[in-house]
Structure formats: C-alpha cells, structure tokens
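*Asks:* Just passing along the structure, written as structure tokens.
The values are calculated or read from the model by the stated rules, or taken from the named source; none is laboratory data. This one's a predicted model, so the numbers in the text were calculated from it and none came from an experiment. We place every Cβ from the backbone using ideal geometry, glycine too, and count neighbours over all the protein chains shown. Ligands, DNA and RNA are stripped out before the accessible areas are found, and what is left, the full protein with its side chains, is counted by its heavy atoms. Shrake-Rupley method; radii C 1.70, N 1.55, O 1.52, S 1.80 Å.
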Amino acid sequence: LLFFLLINFSLGMISITLAHIAFCLSFVTIAVKTRMHGMDDSLIDAARDLGASPVRAFFSVLIPTILPVIIAWWLMAFTLSLDDFVITFFTAGVGSSTLPLAIYSMLKMGVTPEVNAASTVIIICTLILTSIATKISPQLFK
C-alpha cells in the first residue's frame, strides 16, 4: 500500500494484481530455479548444435522441461492469491471487489447461504482441477 501511495498509483484491480504478482513471484522463482538447476545443459547445447536458434531452443527444449513446475506453481500461486486476504484488503481501491473481500464482508453478518455456495463451488472446482492434473501429469513427465 505504501509503495502505491508513494508513486501516486490509484488503487484498484491493477494494484491488486501487481501486489499479488509481487507476492507470488518469489515462490515461483525459487521452484523454477531449482528445476533449471537440475536440468542438463547439454540438451540446449544439442539443440543449438542441430541448428536451432536461441529462441527456438528456449521454446522447444527449456519450456517443455520446466512446464510441469510452471503449471504446478501457477496453481500454487493462484491458491496463495485466493487465500491472502490482507494483500487484497490493503491494495483494493474504492469499488474494487474480489471474492475474498466479498466473502469477508458477508461473514461480518454471519455465515449465509451465499458463503456456503461459494465454498462449495471452490471445493468442486478444486476437485475437478486436481482430477484433470492427475490424469494429464503422466503425459507431462514423459
């Protein structure tokens, strides 16, 4: 919040998005760096020796190698962003409403059927996404 106020940035959905990106970037960077550290550099060298440009080697060799980590940490970053109410609360401007803020405002009056419905939808979506990830994960790691 202080950073956005110091640079005179208006609070809203853009400030919420930037704050969540800054919060989650450290987690994702560490995971991707760990995966790249364990990667064999000779794969990229082999692609370059076979005539691939640096951009082609990046998209054909490096991205497929780290794609499972990127997908896993994208899901983790989404979960962390959904759970982190404090960042959203401090960086949301007037009229900005996200799901965590809406649920928090509903809980002030007590647990309502809307809160129960939102929780049910989130749990069902989580189960569906987990099932899909379980089905396609063997193909990603081949």
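*Asks:* Condition test on F85, is it exposed (fewer than 15 other Cβ atoms within 10 Å of the Cβ), modelled with pLDDT of 80 or more and not basic (K, R)? Explain how you work it out, then say what you get.
*Replies:* Working: exposed (fewer than 15 other Cβ atoms within 10 Å of the Cβ): yes; modelled with pLDDT of 80 or more: no; not basic (K, R): yes.
No: the conditions fail for F85.
*Asks:* Quick check on segment 34-42. Is at least one of its residues in contact with a helix residue (DSSP H, G or I) (Cβ under 7 Å, 6 or more places away or on another chain) and among the charged types (D, E, K, R)? Reasoning before the result, please.
*Replies:* Taking segment 34-42 and keeping what is in contact with a helix residue (DSSP H, G or I) (Cβ under 7 Å, 6 or more places away or on another chain), we get 35-36, 39.
Imposing the further condition that a residue be among the charged types (D, E, K, R) reduces the set to 35.
Yes; the residues of segment 34-42 include at least one that is in contact with a helix residue (DSSP H, G or I) (Cβ under 7 Å, 6 or more places away or on another chain) and among the charged types (D, E, K, R).
*Asks:* Okay, moving on. Filter segment 88-101 for residues that are open to solvent by less than 60 Å² (accessible area, probe 1.4 Å) and in contact (Cβ under 8 Å) with a residue 40 or more places away in the chain; which is farthest from the chain's Cα centre (by Cα)?
*Replies:* We begin by selecting, within segment 88-101, every residue open to solvent by less than 60 Å² (accessible area, probe 1.4 Å); these are 88, 91-93, 96, 98, 100-101.
Still in the running and in contact (Cβ under 8 Å) with a residue 40 or more places away in the chain: 88, 91-93, 96, 98.
Numbers: T88: 15, T91: 18, A92: 19, G93: 22, S96: 20, T98: 16 Å.
Taking the candidates together, the pick is G93.
*Asks:* Could you say which residue among S131, S119, S137 is among the polar types (S, T, N, Q), modelled with pLDDT of 80 or more and under 30 Å from P64 (Cβ atoms)?
*Replies:* S131 is the lone residue from the list that is among the polar types (S, T, N, Q), modelled with pLDDT of 80 or more and under 30 Å from P64 (Cβ atoms).
*Asks:* If I ask for residues that are within 20 Å of the chain's Cα centre (by Cα) and open to solvent by 70 Å² or more (accessible area, probe 1.4 Å), which ones from segment 102-124 would you list?
*Replies:* V121, I123, I124 - these are the residues of segment 102-124 that are within 20 Å of the chain's Cα centre (by Cα) and open to solvent by 70 Å² or more (accessible area, probe 1.4 Å).
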